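Just so it is clear, none of the values below were taken in a lab; they were calculated from the coordinates. Remember, predicted model here, so these are calculated numbers, not experimental data. All Cβ positions, even for glycine, are placed from backbone atoms using ideal geometry, and neighbour counts span all protein chains on display.
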Amino acid sequence: MEQYNLIKSTQQPSYDPITVQPMRDELTSVGCKELLTPEDVDKALNRNDNKTILIVINSVCGCSAGSGRPGVMIALQNSVIPDELYTLFGGMEKDAIDQYRSKYLANHQASSPHIALFRNGEPLAIFKRSDIDRHSAESIASQLIEIFNTECNNTGPSISAKDFEKITHGKYGCYTDLVKDKK
């Protein structure tokens, strides 16, 4: 039987947990860990260790499905990636989302979906909905890869090319194509 993420929260989720699980799985399958509580958010971001932290606010919207999640997944196949990878789900972990937005993005417009790279609790780059909507997954991946290559030092990819092909059912190319492209 499948396991679904049900957490104790002061706010009720907006969506059926069973419905959003496949959308969660897309990011967790490439190495993103879920931040389900405000404490999880602080543990991930409230630190000064110079590590790069990728945060993705996942969403049920079409731009998240069509380009946001796939763009992140493709970018994490790069040879340089952030040190740690996290995701929250808009409309689900509302307390965690509130903590993230109020404490770490107080001077930025709330957005879902959303992709951000942090170091020492400060955002280095932010992609809000308007930066994701109407952009291709490849375009988002390209922009993320450029940022990763500049700001990050961790060796990628987040999962093997063969596993990536299996998870994405070859939608973004087969692993042998990815290896050929790197040569």
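For the range 17-156, a simple Cβ point-charge model (Lys and Arg +1, Asp and Glu -1, everything else neutral) yields a dipole of about 200 debye relative to the Cα centre. The mean sequence separation of alpha-carbon pairs under 8 Å and at least six residues apart, normalised by the residue count of the chain, gives a relative contact order of 28 percent. Other residues whose C-beta falls under 11 angstrom from the C-beta of residue 68 contribute a net charge of 0, scoring Lys and Arg +1 and Asp and Glu -1.
For the peptides 23-31, 112-120, 42-50, the ranking by packing is 112-120, 23-31, 42-50, with the highest mean count of neighbouring Cβ atoms within 10 Å listed first. Here the range 35-136 is treated as a sphere whose radius is the Kirkwood value from Cα pairs; by Stokes-Einstein at 20 °C and 1.002 mPa s it diffuses with a coefficient of 157 µm²/s.
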